[in-house]
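Engineer: Pasting a structure here, questions to come.
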Amino acid sequence: MKEIPFGRLLPTSLKLLLLACLPVALVPTAFADVSLPRLLSDGAILQRDKPLTIWGWADEGEEVTVTFAGQQQKTVVQASGANGAEPDGTAPVPWQVTFPASKAGGPYELTVTGKNTLIRKNILLGDVWIAAGQSNMELPLRRVKYQYPGVIESTRLNKVREFNVPVSYAFKGPLADYSQGEWKTATPENLAGFSAVGFFFAQQVHRVTNVPIALVTLPVGGSPAEAWISEAGLTPYPHYLAQLQPFKDDAHVEATIARDKANTEKWYSDLNAADLGLKNQWAQEELNTESWNSVQVPGFFKEQGSDFTNGSLWLRKEVNLAAAPAAKTATPWPGALVDGDQVFVNGQGVGQTGYR
């Protein structure tokens, strides 16, 4: 019989940044010639059966021609100025055109012509869903691949696509566009990064409707409700509005990030320095554990008479293997541990997971 040190569980540190306003509005910064937002890039899925708005930015006075699915719309870019002021003629100006509703279908090309020409390929018309939330929505398929074996490797749904919105700080107001992001198909090379909840939802809806399904995924793990509200929307809540104001100073943001990083590093440094398991090499293959307590797994420590809250916890589990299975490659799957873990088998480190 070999005794398998199960490993130690490590907690995550507190996040100090609270208000990270999501960039969703269309306020232009600096663009050259006619331009389109990242959402209107190759592989996009646009909403069927509704009037279809195509938007972007160009110079004031520029004529923009948009061709899509055999139809064409034109507009001349006009600036109204900010807050009623006269435009200065130097900043790019938002424009938009609207096409009549169309049925699901494609692929189509989207061509936008002004002083320059942009072509976006492989555009589909279908249903667009917003997958927003915290860590439960963020949880990617790669973290549940053992619960759903073969899903990533066997799925090829070219008409199910995801645009995963990057998390970025925008304390001074809405950004013009997303800084990163692209449309990805539900195929093996992309699926590991898909929202698991989003994917299984999209897969089922696609199976039922047989039309292209788009996911625009906007998860921010651990984000408080006030981080999803505009500054104007926070006006009735002066406490939260006051919390936001210091973060409009770039120096304050940088100092907060640096302080959070330093606190995290110190926490783990102190944890490792005080960890008796590391000092006494509890990961070794042979260890006298007669004085150790037994715990029920799965289960909560508090329900088993333990007042343990934060720190590291060591567990060991003995497993008997016959010769044939012992000779095969295996993957240990401890299940859901809070918050992180390191795993040893017969004294040898075999891996770790930093988050549940």
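Engineer: Okay, which of segment 331-356 sit inside 13 Å, backbone N to the point 7 Å along the Cα-Cβ direction of Thr264?
Structural biologist: Correct set: 354-355.
Engineer: Going Cα to Cα from Lys328, which lysines come in below 17 Å? Please leave out same-chain ones fewer than 8 positions away.
Structural biologist: Straight-line reach from Lys328, under 17 Å: Lys2.
Engineer: Could you state the angle between the C-alpha long axis of helix 250-274 and the longest principal axis of the C-alpha atoms of the chain, as a value from 0 to 90 degrees rounded to the nearest 10?
Structural biologist: 10 degrees
Engineer: Shifting gears a bit: What is the spin-label model distance, in nm, from Lys302 to Ser168 if the labels are put 7 Å beyond Cα along the C-beta direction?
Structural biologist: So the label points at Lys302 and Ser168 sit 4.0 nm apart.
Engineer: If the viscosity is 0.692 mPa s and the temperature 37 °C, what Stokes-Einstein diffusion coefficient in µm²/s follows for the chain when Rh is the Kirkwood radius over Cα pairs?
Structural biologist: Using the Kirkwood radius from Cα pairs, D works out to 133 µm²/s.
Engineer: Then there's this: Fewest to most neighbouring Cβ within 10 Å: what's the order for Tyr148, Tyr169?
Structural biologist: Ascending Cβ contact count within 10 Å gives the list Tyr148, Tyr169.
Engineer: Computed FRET efficiency, Cβ-Cβ of Lys74 and Lys50, R0 22 Å: what is it to the nearest 0.05?
Structural biologist: The computed FRET efficiency comes out at 0.55.
Engineer: While we're looking at this one, here's another question. Send over the Kirkwood Rh of segment 211-277, from the inverse of the averaged 1/r over different Cα pairs, rounded to one decimal Å.
Structural biologist: Across segment 211-277, the inverse of the average 1/r is 15.7 Å.
Engineer: Structure shown: which of Lys279/Lys302; Lys145/Lys261; Lys145/Lys184; Lys103/Lys172 lie over 28 Å apart, alpha-carbon to alpha-carbon?
Structural biologist: Details: Lys279/Lys302 26 Å; Lys145/Lys261 31 Å; Lys145/Lys184 19 Å; Lys103/Lys172 40 Å.
Where the Cα-Cα span goes over 28 Å, the pairs concerned are Lys145/Lys261; Lys103/Lys172.
Engineer: Run the numbers on the chain and let me know its relative contact order in percent, using alpha-carbon pairs under 8 Å that are six or more apart.
Structural biologist: Computed value for the chain: 27 percent relative contact order.
Engineer: Here's another thing I want to ask about it. Using only the alpha carbon atoms of segment 99-172, find the Kirkwood hydrodynamic radius as the inverse mean reciprocal pair distance, in angstroms to one decimal.
Structural biologist: Values: mean 1/r = 0.0609 Å⁻¹.
One decimal place: 16.4 Å for the Kirkwood radius.
Engineer: Please find the FRET efficiency linking Ser291 to Ala324, where r is the Cβ-Cβ separation and R0 is fixed at 35 Å, and quote it to the nearest 0.05. Don't jump to the answer; show the numbers that get you there.
Structural biologist: Working: r = 35 Å, r/R0 = 1.01.
In this case the efficiency is close to 0.50.
Engineer: Can you give the Rg/Rh ratio of segment 155-205, where Rg is from the C-alpha atoms and Rh is the Kirkwood radius?
Structural biologist: Reported Rg/Rh, Kirkwood definition of Rh: 1.08.
Engineer: Could you state the principal axis extents of the C-alpha atoms in segment 156-306, from the largest down, to the nearest angstrom?
Structural biologist: Reported extents, whole Å, longest axis first: 60, 47, 30.
Engineer: Along its principal axes, what span do the Cα atoms of segment 254-356 show, with the longest given first and each in whole Å?
Structural biologist: That gives 57, 33, 26 Å along the principal axes, largest extent first.
Engineer: Which aspartates and glutamates, if any, have their Cα less than 14 Å from the Cα of Lys317, not counting same-chain residues under 8 positions apart?
Structural biologist: Partners within reach: Glu3, Glu285, Glu286, Glu290.
Engineer: Tell me, Kirkwood radius of segment 189-231 from alpha-carbon pair distances, in Å?
Structural biologist: By the Kirkwood definition, the hydrodynamic radius is 12.5 Å.
Engineer: Where does helix 196-209 land angle-wise versus the long Cα axis of the chain, in degrees 0 to 90, nearest 10?
Structural biologist: So the helix axis and the longest Cα principal axis differ by about 50 degrees.
A short reminder: the numbers here are calculations on the coordinates, not readings from a lab. What you are looking at is a predicted structure, and each value in this text was computed from that prediction instead of being measured. Backbone-built Cβ (ideal geometry, glycine too); neighbour counts: all protein chains shown.
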